[in-house]
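The values are calculated or read from the model by the stated rules, or taken from the named source; none is laboratory data. What you see is a predicted model, and the numbers here were worked out from it, not measured in a lab. Reconstructed Cβ throughout: ideal geometry from the backbone, glycine too, with neighbour counts over all protein chains shown.
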Amino acid sequence: AHLPQPAWFADFSVEAEDGVAGSTLEMYREALRLRGELQSEESLTWDEEVSTGDVLAFERPGGWLSVTNFGDAPVALPDGEVLLASAPLTAADGTAQELPGATTVWLRRAEA
């Protein structure tokens, strides 16, 4: 960059995050890969059953669901296969995954 950068920026460079599981760079790479695989018609349906309080959810064609928890407290995840999460998912009781606050997850719904 043409402007001076703080030393701590080095921990978040492409060189530092390339190939590192859980890094922001690898999460975005996976999101772009999944987007190409999942994207179809440009429509969505709000999921009013999952969207409650601080949680916003919408379903896209192809049976996948985007769920964002804008709150601070973890919430239960709806059923489905986790495709991508913007942060590690927590388990309060060790058995069920929860969606932490300030986190988004993409899920593939089970086919009916």
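Here R33 does not qualify as in contact with a Phe, Trp or Tyr (Cβ under 7 Å, 6 or more places away or on another chain) and among the charged types (D, E, K, R).
Candidates E26, E98: the one that is in contact with an Asp or Glu (Cβ under 8 Å, 6 or more places away or on another chain), more than 17 Å from R109 (Cβ to Cβ) and of a type in the set (D, E, K, R) is E26. Among the residues of segment 49-90, those identified as among the hydroxyl-bearing types (S, T, Y) and more than 22 Å from S23 (Cβ to Cβ) are S51, T52. On the basis of being in contact with a strand residue (DSSP E or B) (Cβ under 8 Å, 6 or more places away or on another chain), modelled with pLDDT under 85 and surrounded by fewer than 16 Cβ atoms within 10 Å (Cβ to Cβ), does T90 make the cut? For T90, the condition - in contact with a strand residue (DSSP E or B) (Cβ under 8 Å, 6 or more places away or on another chain), modelled with pLDDT under 85 and surrounded by fewer than 16 Cβ atoms within 10 Å (Cβ to Cβ) - is met. Of the numbered criteria (1) surrounded by 14 or more Cβ atoms within 10 Å (Cβ to Cβ); (2) over 14 Å from L107 (Cα atoms), the one T45 fails is (1).
Taken over segment 99-112, the residue count meeting the criterion of being more than 16 Å from M27 (Cβ to Cβ) and modelled with pLDDT of 90 or more is 2.
Filter segment 53-80 down to the residues that are outside any strand (DSSP E or B) and at pLDDT below 95 and list them by number. Once the filter is applied, which keeps residues that are outside any strand (DSSP E or B) and at pLDDT below 95, segment 53-80 yields G53, P61, G62, G63, A73, P74, L77, P78, D79, G80.
Go over the candidates L83, L3 one by one and state the one that is surrounded by 11 or more Cβ atoms within 10 Å (Cβ to Cβ) and not in a helix (DSSP H, G or I). Please lay out each step first, then the result.
Working: L3 fails: surrounded by 11 or more Cβ atoms within 10 Å (Cβ to Cβ).
Unique residue meeting the criteria: L83.
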